[in-house]
1. Quick one, can you get me the convex hull of the C-alpha atoms of region 318-381 expressed as volume per residue in Å³?
2. Please give me the summed charge of the neighbours of N322: other residues whose Cβ is under 15 Å from its Cβ, Lys and Arg +1, Asp and Glu -1.
3. Given a cut-off of 22 Å, name the pairs among K112/K132; K9/K55; K9/K236; K112/K133; K55/K202; K55/K138 whose C-alpha atoms lie farther apart than that in the structure shown.
4. I'd like the Kirkwood hydrodynamic radius of region 30-93, using the inverse of the mean 1/r over distinct C-alpha pairs, in Å.
5. Rounding to the nearest 10 and keeping the result within 0 to 90°, find how far the Cα-based axis of helix 113-122 lies from the longest principal axis of the chain.
6. Under 13 Å from the Cβ of E3, count the other residues' Cβ atoms, weight Lys and Arg +1, Asp and Glu -1, and hand me the total.
7. If you put +1 on each Lys and Arg Cβ and -1 on each Asp and Glu Cβ, how big is the dipole of the chain around its Cα centre, in Debye rounded to 20?
8. Considering the convex hull of the alpha carbon atoms of region 261-378, report its projected area averaged over all viewing directions, in nm², one decimal.
Amino acid sequence: MLEITNLVKTFAGDRQPRRENGDRAASRVRAVDDISIDVRDGELFTLLGPSGCGKTTTLRSVAGLERPDSGEISVAGRVLFSGGSSRTFHLPPNQRGLGMVFQSYAIWPHMKVFDNVAFPLQVMSRGSRPGKKAIAEKVMSVLETMELAHLAGRQATKLSGGQQQRLALARALVTEPPLLLLDEPLSNLDAKLRESLRFELKRMQRELGITSVYVTHDQIEALALSSRIAVMRDGKIMQTGTPRDIYERPDNRFVAEFIGTSNFLSGTVAGHENGLLAVDTEHGQLLVRAEVRPGTGEAVVLAARPEAVALTDQAPTHDTPNQLTGSVVTRSFVGDAVDHIVRVGGQEVRARCEPSVSLAPSTTVTLRIDPANLTLIPVGD
């Protein structure tokens, strides 16, 4: 559906020191650094990353609101942008036929709900513009989908935040675009409403089957909504995969740290044992099930999610691998779980347990990590 190939977008950076001739050239900052993305038909694809990573610039490039330096963007085989060292083709935003929902919603305050949704149809070119009856039918149909039909005659400014968000979605969908672009549409809502609309948005996207590209910095939002996620950093894509792959099998330390919380244990490869990789750490030898096979003596980092760390006040057993002994530093009840911070040697390890497990500070405990729940990360990633 959406294909982005070798996309580059730069902006002017800080001025450099004066040259001998007195000139000071401005450096260029690569906001999007040679990325390639393939979004499949009907999926919700999320660009996830911290502020300044290039995710919104990528989205705006697809929408036509930014002109990239080079690369190619196409939707359903139709080229929207193609550029490089020679000729550049840039289709204007109003000719791309894409739907877009902005962070601020950008609804028209002087119009009623019906008129906000009808406007994109009314300004179509004469040859493709529907008749008044067809426009009314299309508008009421999409308003019913958004559960806003009963508010069609209300002034847009009289809607709640959640209703305004659904109105912006309705306006983007009424033209039946081949691709829907969403730029952090839930970020202005309070936490409870954001969670509610997250599921509503996922339901709507699945029912309509519309291909969507979603931009957010919220990890939970990305995991809950997405078919696939591309994690970005400094204009580059660090990893692309399903939410489960991204969370359970991060390719590098940045992804492991950015998506949720991870414990990191440094060590060196000691060898292979029964299909597992043995890693020597300062806390003892740990076994990990890994697809890659680093050489013996190579430095690696092991990552474990807090919920993958089992906690008990019983002594270590002789027949169980991957056991660490430590002392509880503190614990925190978070509703559906209890987080324990355990000091193991000179390092703190977080273990997330079910609410019935709550061990007091200073308790000597044993941590157990299944080899399948450890992720091997090469040093430097």
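1. Convex hull of Cα atoms, per residue: 134 Å³.
2. That sum, taken over residues with Cβ under 15 Å, equals -2.
3. Beyond 22 Å: K55/K138.
4. 12.7
5. 70
6. Net local charge, E3 excluded: -1.
7. Working: 44 positive and 44 negative charges, 391 e Å.
About 1880 debye.
8. 7.2
Every number in this text was worked out from the coordinates using simple rules, so none of it is lab data. Predicted, not measured: the structure shown is a model, and the values here were computed from it. We place every Cβ from the backbone using ideal geometry, glycine too, and count neighbours over all the protein chains shown.
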